[in-house]
1. May I ask you to list the residues in the range 139-164 that are modelled with pLDDT of 85 or more and more than 20 Å from residue 218 (Cβ to Cβ)?
2. Check off (1) free of Cβ contacts under 8 Å to residues at least 24 places away in the same chain; (2) open to solvent by 80 Å² or more (accessible area, probe 1.4 Å) for residue 14 and give me the number that stays unchecked.
3. Can you pull out every residue in the range 82-108 that is under 26 Å from the mean Cα position of the chain (by Cα) and either surrounded by fewer than 18 Cβ atoms within 10 Å (Cβ to Cβ) or among the charged types (D, E, K, R) (or both)?
4. Please find, among 25, 13, the residue that is more than 13 Å from residue 176 (Cα to Cα), hydrophobic (A, V, I, L, M, F, W, C) and at pLDDT 90 or above.
5. So, residue 37, is that one modelled with pLDDT of 90 or more, surrounded by fewer than 19 Cβ atoms within 10 Å (Cβ to Cβ), of a type outside the set (Gly, Ala, Ser) and over 30 Å from residue 400 (Cβ atoms) or not?
6. What are the residues in the range 70-81 that are out of contact with any Asp or Glu (no Cβ under 7 Å at 6 or more places or on another chain) and either surrounded by 15 or more Cβ atoms within 10 Å (Cβ to Cβ) or not hydroxyl-bearing (Ser, Thr, Tyr) (or both), if any?
Amino acid sequence: MAENNTQNKAKLVSETRRRFEAEYVTDKSDKYDSRDIERLQQDDNWVENYLIWRHNVVDETLKMIDESFQWRKEFSVNDLNESSIPRWLLEIGGIYLHGYDKEGNKLFWIRVKYHIKDQKTIMDKKKLIAFWLERYAKRENGKPLTVMFDLSETGLNSIDMDFVRFIINCFKVYYPKYLSKIVIFDMPWIMNAAFKIVKSWLGPEAVSLLKFTSKNEIQDYVSAEYLPPHMGGTDPFKYSYPPLVDDDFQTPLCENGPITSEDETSSKEDIETDGKEALERVSNEEQTAILKKITPTEPTSKTDENEKVDSKVKAFKKPLSVFKGPLLHISPAEELYFGSAESGEKKTLIVLTNVTKNMVAFKVKTTAPEKYRVKPSNSSCDPGASVDIVVSPHGGLTVSAQDRFLIMAAEMEQSLSSGPTELAQFWKEVPRDKVMEHRLRCHNIESSKPNTLMLKDNISSLSDKAREDLYLQLNRLLESNRKLEDQLQHCIWFQQLLLALTVVLLFLVVSSFYSKYS
């Protein structure tokens with residue numbers, strides 16, 4: 001089934017490319033940017049995003065690509081950079097990326113109070129929207145955004161339906177599949193009519209993505225740590241420019257290099273912990289083997305037992321998916337899976353493989369540096385070699401879907417040393433366009449065995465007599481529970497009756513009072 005879906009996708013992608021080249025590029029090549037045409041032929045995800053948004057109907061997809069590509073050429077999207085935007089627009093802080101929602105989607109903030117309707121500046125504001133979306137799309141190909149429309153302290157002079165329509169079109173046509181939802185905060189009643197028009201622009205399928213909120217509901221979608229104080233949050237973030245507000249990636253705990261002593265101490269702790277875990281595993285296996293000797297079952301060789309132990313130790317060292325970058329192959333490709341405390345495997349592994357002929361320097365950053373230990377977080381990888389990076393939550397802190405990791409990599413000259421001092425200097429001097437970046441999300445796996453399953457397993461291991469006793473106790477418990485429910489129902493009924501009688505009595509007293517003095 002999965003294989004058929006993959007084949008169907010590949011056919012649709014191929015057909016879309018072939019027909020766009022034949023039916024559109026031939027006649028309108030001057031209306032498109034050649035870089036977009038080239039990307040369409042190479043980037044399967046980009047084509048799939050358009051297809052999905054148009055329900056895999058190729059004719060509709062082609063129209064959408066045509067409209068999108070013409071817009072990209074008109075706005076020179078591929079060439080947009082900071083210098084394309086007036087400095088005052090970047091300084092005011094009306095539009096920026098910061099934080100994550102509860103599903104781990106990046107937040108795209110639009111502070112409407114900073115927008116004044118003005119035909120002279122509208123094109124620059126549209127370019128600012130395009131600049132941020134294109135910047136995000138290049139880094140997070142296909143990962144959705146949550147748009148935060150902050151309408152607090154907004155007046156009539158901020159209502160600009162043309163600008164709102166442009167933002168909606170960006171997600172409907174120009175950046176398909178990037179919209180997770182639109183959270184609208186503190187909308188004044190005077191704007192109700194305006195947003196009825198907005199709903200018609202979105203279409204019936206996308207209307208469900210609109211979430212109208214106040215302080216009471218906003219935390220249903222975004223936790224307090226990523227909300228500013230005026231929304232009832234605790235985020236201390238203050239917008240400022242320069243530099244550009246980015247993804248807030250910082251150096252994690254125990255970075256190797258400068259913090260040598262801390263690394264050595266924590267390394268010893270980790271070695272001791274890992275040693276204890278390995279001994280416990282071996283001890284458990286030995287106990288199992290002894291039990292098997294006492295209770296004869298199928299013969300199991302010592303080699304098999306050792307293989308089982310080795311497979312358990314190595315299990316978390318084999319991420320399945322791989323991101324194939326120009327300098328490094330990174331596994332896993334998208335998500336780091338952390339086990340729960342009950343499962344015993346709280347650590348996770350990132351495997352980097354150097355696919356170049358030169359040494360590659362790498363560093364790891366995270367949005368939650370206080371929560372994680374990363375080893376090594378700043379090092380290098382020889383040509384053709386692989387490096388295992390161990391990531392573990394620090395001090396029992398909880399892994400969150402909002403946490404992110406950034407892998408940065410750049411080629412080094414063979415003559416350069418890879419010591420801590422040399423690496424620090426290298427990262428200061430390396431040009432930004434020579435740095436490969438890849439982002440990873442976090443995912444916390446709950447206990448692999450739910451309590452109900454554990455109870456079931458425990459019951460199945462009991463003797464018939466013990467099982468019968470437990471069954472009788474459960475029945476008595478259920479019976480007493482039913483009696484309690486019946487008593488509670490009678491109490492509720494009695495309270496309702498008393499309340500009704502009180503109301504009637506009060507009514508009679510008031511009536512007699514009025515009849516006496518009227």
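The values are calculated or read from the model by the stated rules, or taken from the named source; none is laboratory data. Note that the structure is predicted; figures quoted are calculated from it, not measured. Ideal geometry is used to build each Cβ from the backbone, glycine not excepted, and the neighbour counts take in all protein chains shown. Quick note on the areas: whole protein, heavy atoms, side chains included, nothing else; ligands and nucleic acids left out. Shrake-Rupley method; radii C 1.70, N 1.55, O 1.52, S 1.80 Å.
1. The one that is modelled with pLDDT of 85 or more and more than 20 Å from residue 218 (Cβ to Cβ): 163.
2. (2)
3. 93, 101, 102, 103, 106
4. On the way: 25 fails: at pLDDT 90 or above.
The match here is 13.
5. Details: modelled with pLDDT of 90 or more: yes; surrounded by fewer than 19 Cβ atoms within 10 Å (Cβ to Cβ): yes; of a type outside the set (Gly, Ala, Ser): yes; over 30 Å from residue 400 (Cβ atoms): yes.
Yes.
6. Those that are out of contact with any Asp or Glu (no Cβ under 7 Å at 6 or more places or on another chain) and either surrounded by 15 or more Cβ atoms within 10 Å (Cβ to Cβ) or not hydroxyl-bearing (Ser, Thr, Tyr) (or both): 70, 71, 74, 75, 79, 81.
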